[in-house]
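So the structure is just underneath, and the comments pick up after that.
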Amino acid sequence: MKITRQKHAKKHLGFFRNNFGVREPYQILLDGTFCQAALRGRIQLREQLPRYLMGETQLCTTRCVLKELETLGKDLYGAKLIAQKCQVRNCPHFKNPVSGSECLLSMVEEGNPHHYFVATQDQNLSMKVKKKPGVPLMFIIQNTIVLDKPSPKTIAFVKAVESGQLVSVHEKQSIKQLKEEKGLVKNPEQRRKKKHKKVSGPNPLSCLKKKKRAQDTKSSASEKKRKRKRIRNRSTSKVLSEKKNAE
Ligand SMILES: [Zn+2]
């Protein structure tokens, strides 16, 4: 029983690895419902997840999930403790927290670039995750962890890519990289960096001007001094000569 379960997981993981670039350590985004189910099923996630997926895993969550668990109070105290031990990943709701499910859904937006797995018992969230291609879904059934098979949407997406109708996110990234390397497309980030350099770096022309100005002021100052000296000398000599004349 356990062996077939692991075999299935291995097969599904291979599918996500090959088609969506999912890599170890697997990033498992947990929500409150999953933590609660793990607690009830006495599942040690830190031990069992890597064993089940046969690879390194990283348990993570978001601030919104933690916030939601806090507001739900005593009943979810244990789940909150589990979630608090996870890494907190940055979500776009820093100032205005949203519900845990809405937050996790936003984390796998735009082709799931961080290759998150979503681990939830929330049926509503699961349905929405399945509509996004390339997001591995996990849940707990009868006290055991399950990696769901790739959703129909995910399989349809892969088929479309294979038949050349679509370009996968993975491919898009490498094409973009190639173009940038060959200089066909200018990387906007690089451009920004260059501009930034220009602004921050010293402008040789301005340096020259400054030096010149500094020299100018120096020389003029010394000239003034000289002039003043000369004047003084002249005046003293004048005074002297006047004295002499007087004598
Ligand atoms: Zn959030």
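Any read-out appearing in this document is the output of simple, stated calculations on the displayed coordinates, not a laboratory observation. Just so it is clear, the model here is predicted, and its values are computed rather than measured. We place every Cβ from the backbone using ideal geometry, glycine too, and count neighbours over all the protein chains shown.
If you rank PHE139, PHE34 by fewest surrounding Cβ atoms within 10 Å, what's the result?
Values: PHE139 19, PHE34 30.
Exposure proxy ranking, most exposed first: PHE139, PHE34.
Please report the antiparallel percentage of the DSSP beta bridges confined to the range 1-148, to the nearest 5.
25
Report the calculated FRET efficiency for GLU24 and GLN165 (r = Cβ-Cβ distance, R0 = 30 Å), to the nearest 0.05.
0.50
Structure shown: which of LYS95/LYS128; LYS10/LYS95; LYS67/LYS130; LYS11/LYS159; LYS131/LYS176; LYS149/LYS172 lie over 28 Å apart, alpha-carbon to alpha-carbon?
Beyond 28 Å between Cα atoms: LYS10/LYS95.
Using modelled amide H (1.01 Å from N, peptide plane; none on Pro or chain starts), what sits under 5 Å from the amide H of ARG89, excluding residues fewer than 5 places away?
Amide H neighbours of ARG89: THR61, THR62, ARG63.
Tell me, how many Å apart are the Cα centres for the range 94-155 and for the range 12-51?
Their Cα centres are 11 Å away from one another.
GLN84 to GLN173: extension gain in nm, 0.36 nm per residue of separation minus the Cα-Cα distance?
This chain segment gains 28.7 nm when fully extended.
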